[in-house]
């Protein structure tokens, strides 16, 4: 028996004594998560679960990429450091397929039918559910109602990218640091490529054809990149290559952007007067479309999963079921305000009158998430699922490499043609190396 | 003979020195200023005037108990430095006073281990830590930090020891000093400025180490580097909180460096003038 065991034992013992209604023996579980706003709320409310069950939680909070790196190392070496981990909809099906995650079906009393079907599908592989959604997001258009009104413009229910470019042109006033549009420019598969992937989809493009041949040298990619460079160079903020979600949020909240196309989970923040200078002047519309009415809005679900290496799967499942339940959503609503509830996972949240009153963007978000179908996001037939990503393990590296080329084109370091030619070559090499192209 | 320097040149140099120092110090200063702003003020652009809000510090403390990672940082940096000295003083002594024809090669080989990117050995080390139960323990991390800083410690001590005339040690031996006496009572006191600056530098390096301390810990042994990392967020703007966490993490080492700067400079320039 090592010192660590003694320590763990004594902590668990203390938990048992302190716990009011401890069932079996109390356990200590470790949860790895990111520092997103909704996760902070979860940490603040988790003591209620600890009190109820007598178990205790250790939180390991890390930056997204560090978390992914640590969790991957731990899973690959069967380290068993974590009992629960926060992962996205990209990892859940891939890791589940590898046998790294515990199946989440069949938890007693858990309301699976209330989960939005698209979200559930995004976290499943071969019909098995490998993670439960904590909050989900799609992408949509946020815009400044006051600026639109002043300029006599009207945002249609379903804007097109052509219209967006015209609006951006009218609303740009660089002398007053007001930019027509803010889009992600920071390189990374989950940064600029998240937006750019949807732009390619709606221009009729895709990452691969049915035989896994990269399509990055095709016309839709060229159209998407030309459009992106045009609006960003003419109507976007300076230094856009370092703008990710956070930076654009800062720009939008401080009134520097007339339009921002990004995650629906930003709605609660830009709408919160405590965080945003433009809280009362924000309008929402669905994501714009170009030539194809498909794959124009992304899908992502931050979820809780349990690695197969854990020795405390039952307790871990109990926590995950609690944190992703309607009961938890109600708890957040009552304690932290309805606008702060984790969005996008449960139908009942959107039927709740309190939420509808507090979050006028609820209907737009719900329709965006319901319509985002990772299994049917492209005009052409493709062998993969995913809207803004391709659900294969190789995508993480490939997406970031292409993201860097796109970012270089935005910075003016290379031409659009060169950026796409280099990206196509990288994709071809990677897919051949990994055995997709025979 | 000292050269006469005109007042104008003196002022010029002083202004230049202060300008350079301010440029180097500015990021730290701005971190402190940002930590004293509200979140909303922190994101609203460049502004040197803090809103004097301690809200971020309160939030940081309520979200994550500062004292646990702080104590871990203290234990890890002091522990690894003590361990490193215990190994490096005899090693440097041997190489400085009884060199062989391969001494230079050994020194180069030691330094070459620092040239490899740390991530290259992540998986083997991770597995070793896992199998031996050292994962997320202070003792494991102390040894790890000692090992990664050891080449620098040996090099620095070797350089300082070389400045000490061998004749003094010979004289001690003539007076009947044993090897132990020689190292503890003669060599060490003479090399105190050098050892002191090595200690300070090693503490700073161990305090700031942010790869292994994040990779090999979860909760029990996580030091301040992991504490800062936990406030970085992909979705959500917490710049004031992140700045507050950074300020809390760098403050102890900054204060220590401030008070010991005389010792540090003396050690670093030790033996520079013959």
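Looking at (1) in the same structural domain as residue A:123 (by TED's automatic domain parsing); (2) in contact (Cβ under 8 Å) with a residue 60 or more places away in the chain; (3) part of a helix (DSSP H, G or I), which is the only condition residue A:367 fails?
Unmet for residue A:367, out of (1) in the same structural domain as residue A:123 (by TED's automatic domain parsing); (2) in contact (Cβ under 8 Å) with a residue 60 or more places away in the chain; (3) part of a helix (DSSP H, G or I): (1).
What are the pairs with Cβ atoms under 8 angstrom where one residue, in segment A:144-169, is at pLDDT 95 or above and the other, located anywhere, is exposed (fewer than 15 other Cβ atoms within 10 Å of the Cβ) and assigned to a loop (DSSP other than H, G, I, E, B)? Sequence gap at least six, or different chains.
A:148/A:154; A:163/A:156
Evaluate segment A:45-59: report whether one residue or more is within 8 Å of chain B (Cβ to nearest Cβ) and part of a loop (DSSP other than H, G, I, E, B).
Pass one, segment A:45-59, residues within 8 Å of chain B (Cβ to nearest Cβ): A:58-59.
Now drop any that are not part of a loop (DSSP other than H, G, I, E, B), which leaves none.
Scanning segment A:45-59 turns up no residue that is within 8 Å of chain B (Cβ to nearest Cβ) and part of a loop (DSSP other than H, G, I, E, B).
Report the residue count in segment A:236-286 for those that are more than 10 Å from chain B (Cβ to nearest Cβ), without any contact (Cβ under 8 Å) to a residue 40 or more places away in the chain and under 15 Å from residue A:195 (Cβ atoms).
Number of matching residues: 0.
Would you check which residues across segment B:189-225 are at the interface with another protein chain (Cβ under 8 Å from one of its Cβ atoms), touching a helix residue (DSSP H, G or I) at 6+ places or on another chain (Cβ under 7 Å) and within 30 Å of residue B:37 (Cα to Cα) and list them?
B:214, B:222
Which residues, counting only those in segment A:212-230, are part of a helix (DSSP H, G or I) and either surrounded by fewer than 20 Cβ atoms within 10 Å (Cβ to Cβ) or at the interface with another protein chain (Cβ under 10 Å from one of its Cβ atoms) (or both)? I'd like the intermediate steps shown before the answer.
Taking segment A:212-230 and keeping what is part of a helix (DSSP H, G or I), we get A:219-230.
If the condition is that a residue be part of a helix (DSSP H, G or I) and either surrounded by fewer than 20 Cβ atoms within 10 Å (Cβ to Cβ) or at the interface with another protein chain (Cβ under 10 Å from one of its Cβ atoms) (or both), then A:219, A:222, A:223, A:226, A:227, A:229, A:230 are the ones that fit.
Kindly indicate whether residue A:72 is more than 26 Å from residue A:336 (Cα to Cα) and either surrounded by fewer than 21 Cβ atoms within 10 Å (Cβ to Cβ) or within 11 Å of chain B (Cβ to nearest Cβ) (or both).
yes
Go through (1) touching a strand residue (DSSP E or B) at 6+ places or on another chain (Cβ under 8 Å); (2) more than 26 Å from residue A:397 (Cα to Cα) and name the single condition residue A:97 misses.
(2)
Here are B:226, B:171, B:221: which of them is farther than 30 Å from residue A:135 by Cα and buried (at least 21 other Cβ atoms within 10 Å of the Cβ)?
Being farther than 30 Å from residue A:135 by Cα and buried (at least 21 other Cβ atoms within 10 Å of the Cβ) holds for just one of B:226, B:171, B:221, which is B:221.
Could you count how many residues in segment B:40-70 are within 13 Å of chain A (Cβ to nearest Cβ) and part of a helix (DSSP H, G or I)?
Residues meeting the conditions: 11.
Pick out the one residue from B:176, B:236 that is at positive phi, part of a loop (DSSP other than H, G, I, E, B) and modelled with pLDDT under 85.
Of the residues listed, the single one that is at positive phi, part of a loop (DSSP other than H, G, I, E, B) and modelled with pLDDT under 85 is B:236.
Before we move on, is residue B:113 within 25 Å of residue B:76 (Cβ to Cβ) and free of Cβ contacts under 8 Å to residues at least 40 places away in the same chain? First the steps, then the outcome.
Values: within 25 Å of residue B:76 (Cβ to Cβ): yes; free of Cβ contacts under 8 Å to residues at least 40 places away in the same chain: yes.
In short, yes.
Here is a list of conditions, (1) closer than 29 Å to residue B:89 by Cα; (2) free of Cβ contacts under 8 Å to residues at least 40 places away in the same chain; (3) within 27 Å of the chain's Cα centre (by Cα); (4) assigned to a helix (DSSP H, G or I), and residue B:170 meets all of them except one; can you say which number that is?
(3) is the only condition that residue B:170 fails.
Check segment B:139-155 and report whether any residue there is within 13 Å of another protein chain (Cβ to nearest Cβ), in contact with a helix residue (DSSP H, G or I) (Cβ under 7 Å, 6 or more places away or on another chain), outside any helix (DSSP H, G or I) and closer than 30 Å to residue B:65 by Cβ.
First, pick out the residues of segment B:139-155 that are within 13 Å of another protein chain (Cβ to nearest Cβ): B:139-140.
Right, trim to in contact with a helix residue (DSSP H, G or I) (Cβ under 7 Å, 6 or more places away or on another chain) and you get B:140.
Subset that is outside any helix (DSSP H, G or I): none.
No, segment B:139-155 contains no residue that is within 13 Å of another protein chain (Cβ to nearest Cβ), in contact with a helix residue (DSSP H, G or I) (Cβ under 7 Å, 6 or more places away or on another chain), outside any helix (DSSP H, G or I) and closer than 30 Å to residue B:65 by Cβ.
How many residues are touching a helix residue (DSSP H, G or I) at 6+ places or on another chain (Cβ under 8 Å) and exposed (fewer than 14 other Cβ atoms within 10 Å of the Cβ) when one looks only at segment B:91-127?
So the answer is 5.
Please tell me if residue B:183 is outside the structural domain of residue B:89 (by TED's automatic domain parsing) and in contact (Cβ under 8 Å) with a residue 40 or more places away in the chain.
Against the criterion (outside the structural domain of residue B:89 (by TED's automatic domain parsing) and in contact (Cβ under 8 Å) with a residue 40 or more places away in the chain), residue B:183 qualifies.
Given (1) over 30 Å from residue A:71 (Cβ atoms); (2) within 14 Å of another protein chain (Cβ to nearest Cβ); (3) part of a helix (DSSP H, G or I), where does residue B:128 come up short, assuming only one miss?
(1)
Can you pull out every residue in segment A:151-169 that is over 23 Å from residue A:364 (Cα atoms) and crowded, with 17+ Cβ neighbours inside 10 Å?
Hits for segment A:151-169: nothing passes.
Of all residues in segment A:157-199, which are assigned to a strand (DSSP E or B), within 14 Å of chain B (Cβ to nearest Cβ) and farther than 15 Å from residue A:229 by Cα?
Within segment A:157-199, just A:178 meets the criteria.
Return the total of residues in segment A:255-276 being at pLDDT 90 or above and more than 24 Å from residue A:345 (Cβ to Cβ).
5
Residue under question is residue A:7, and the condition is that it be more than 14 Å from chain B (Cβ to nearest Cβ), modelled with pLDDT under 75 and out of contact with any helix residue (DSSP H, G or I) (no Cβ under 7 Å at 6 or more places or on another chain); does it hold?
On the way: more than 14 Å from chain B (Cβ to nearest Cβ): no; modelled with pLDDT under 75: yes; out of contact with any helix residue (DSSP H, G or I) (no Cβ under 7 Å at 6 or more places or on another chain): yes.
So residue A:7 does not fit the description; no.
The values are calculated or read from the model by the stated rules, or taken from the named source; none is laboratory data. Note that the structure is predicted; figures quoted are calculated from it, not measured. All Cβ positions, glycine included, derive from the backbone under ideal geometry; neighbour counts span all protein chains shown.
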